[in-house]
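Read through the structure below, which is laid out as structure tokens, and then see the notes.
The values are calculated or read from the model by the stated rules, or taken from the named source; none is laboratory data. Bear in mind the structure is a predicted one, so any value in this text is a computation, not a measurement. Positions of Cβ are backbone-derived with ideal geometry, glycine not excepted, and every protein chain shown enters the neighbour counts. Remember, those area values only see protein heavy atoms, side chains included, never the ligands or the DNA or RNA. Shrake-Rupley method; radii C 1.70, N 1.55, O 1.52, S 1.80 Å.
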Amino acid sequence: MKQIEIRIFPDGRVATVTRNMKGKECLKYFATLEALLEAQVTDSEFTSEYYEAEQVETEEETINNQYTQADS
């Protein structure tokens, strides 16, 4: 399950960490948070998940995989 941990500090700083999001997927969530909080990113570090390839499966791949498994 995708998760975003948000911490708000007494001085107004906001720190966020994403979990279970691979590649650049997390960036669209940060853009939404920036807009909602009327804030901007001043510092960022990427987790190891950022450098992993996003898993995107098309409907065609799913159908092909089903036929391949059925033939086995």
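Can you run down the residue pairs with Cβ atoms below 7 Å, 6 or more apart or on separate chains, where the first is in the stretch 15-26 and at positive phi and the partner is part of a helix (DSSP H, G or I) and open to solvent by 10 Å² or more (accessible area, probe 1.4 Å)?
Correct list of pairs: GLY23/TYR50.
Is it the case, given these coordinates, that GLN55 is surrounded by fewer than 10 Cβ atoms within 10 Å (Cβ to Cβ), part of a loop (DSSP other than H, G, I, E, B), modelled with pLDDT under 80 and in contact with a helix residue (DSSP H, G or I) (Cβ under 7 Å, 6 or more places away or on another chain)? First the steps, then the outcome.
Details: surrounded by fewer than 10 Cβ atoms within 10 Å (Cβ to Cβ): yes; part of a loop (DSSP other than H, G, I, E, B): yes; modelled with pLDDT under 80: yes; in contact with a helix residue (DSSP H, G or I) (Cβ under 7 Å, 6 or more places away or on another chain): no.
It is false that GLN55 is surrounded by fewer than 10 Cβ atoms within 10 Å (Cβ to Cβ), part of a loop (DSSP other than H, G, I, E, B), modelled with pLDDT under 80 and in contact with a helix residue (DSSP H, G or I) (Cβ under 7 Å, 6 or more places away or on another chain).
Could you tell me how many of the residues in the stretch 40-52 are part of a loop (DSSP other than H, G, I, E, B) and either touching a Gly at 6+ places or on another chain (Cβ under 9 Å) or open to solvent by less than 100 Å² (accessible area, probe 1.4 Å) (or both)?
Our first condition is that a residue be part of a loop (DSSP other than H, G, I, E, B); within the stretch 40-52, this holds for 40-47, 52.
Then keep just the ones that are either touching a Gly at 6+ places or on another chain (Cβ under 9 Å) or open to solvent by less than 100 Å² (accessible area, probe 1.4 Å) (or both); that gives 41, 44, 46-47, 52.
Here the count works out to 5.
Taking the stretch 3-21 on its own, how many of its residues are open to solvent by 70 Å² or more (accessible area, probe 1.4 Å) and within 9 Å of the chain's Cα centre (by Cα)?
Qualifying residue count, the stretch 3-21: 3.
Among the residues that make up the stretch 22-39, is at least one of them over 18 Å from the mean Cα position of the chain (by Cα), charged (D, E, K, R) and either modelled with pLDDT under 85 or open to solvent by 90 Å² or more (accessible area, probe 1.4 Å) (or both)?
yes
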